[in-house]
Amino acid sequence: MENFWFYIKLGFWHVLDFSAYDHILFLAALTVPFVFKNWKSVLLLATLFTVAHCTSLALSVYGVVAMDTTLIEFLIPVTICLTTIFNIVYSKIKEGEGSFVLHYLAAGFFGLIHGFGFSNYFRMLMAEETDKLSSLLGFATGIEFSQIVIILAVLWVAYIVQNALHVERKFYIVGTSILLFLVTIPMLFETFPW
């Protein structure tokens, strides 16, 4: 149980590590179009993302799939940029009229990519471990908890900006997405593999 708790804390702080803020940016970008009344959709997004990245993490840890680390490190900021672009397009749809199906597909597919990003770090930690499954489940649980913290923070910012500051939903989504895109551009250049 102590080992499980160790990996929960490790997963939690791995995502909330501001020196490796790519996962925070992605989750923020994924959450920007939503408000508190969409909490079920947001919870489903976070869960899909977790299931997807745990799947790719497990495939990597157990040696089923090996991915090029350089390519994955580049694809992670690409997922952020694509999500922000999608948000800008999505912002033109009136609230309540759009479907969240593309959000769910993006969360699942991009979760696979982010899981491979986690895998190198996790494999180094697991070098001496014999019980990979409980460590993997603990790490995934910690990641899920950290994602909930990030999502709640983004939803609170959306609430404050849209309700207290009276910024229109469309302008909030577009403005925040552009900001996240601009913050991500240096990561694209730093990780460009060719």
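The values are calculated or read from the model by the stated rules, or taken from the named source; none is laboratory data. Here the structure is a predicted model, which is why all the values come from computation and not from measurement. Virtual Cβ from ideal backbone geometry, glycine too; neighbours counted across all protein chains shown. We work out accessible area using only protein heavy atoms, side chains counted, and drop any ligands, DNA or RNA first. Shrake-Rupley method; radii C 1.70, N 1.55, O 1.52, S 1.80 Å.
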*Carbon and sulfur together cover what percent of the accessible area of the chain at a 1.4 Å probe radius?*
72 percent
*Which of His166, Gly142, Ala106 sits farthest toward the positive end of the charge dipole of region 43-183, with +1 on the Cβ of Lys and Arg and -1 on the Cβ of Asp and Glu?*
His166
*Just by accessible area at a 1.4 angstrom probe, what is the order of Phe74, Phe6 from largest to smallest?*
Phe6, Phe74
*Averaged per residue, what accessible area in Å² does the chain show with a 1.4 Å probe, protein chains only?*
52 Å²
*Which loop-located GluC sites (Glu not before Pro) does region 1-100 contain, where loop means any DSSP state but H, G, I, E or B and the Cβ has at most 16 other Cβ atoms within 10 Å?*
Glu95, Glu97
*Which distance in nm do the two modelled labels at Arg123 and Glu190 give, with both placed 7 Å along the Cα-to-Cβ direction?*
2.2 nm
*At most 11 other Cβ atoms within 10 Å and a DSSP loop assignment: could you name the trypsin sites (Lys or Arg not before Pro) in region 83-186 that fit?*
Lys92, Lys94
*According to a simple spin-label model (label point 7 Å from Cα along Cα-to-Cβ), what is the distance in nm between Trp39 and Val89?*
3.1 nm
*Among the lysines, which fall within straight-line cross-link reach of Lys132, defined as a Cα-Cα distance under 30 Å, with same-chain neighbours fewer than 8 residues apart omitted?*
Lys9
*Please give the solvent-accessible surface of Met124 in Å², to the nearest 10, using a probe radius of 1.4 Å with every protein chain present.*
140 Å²
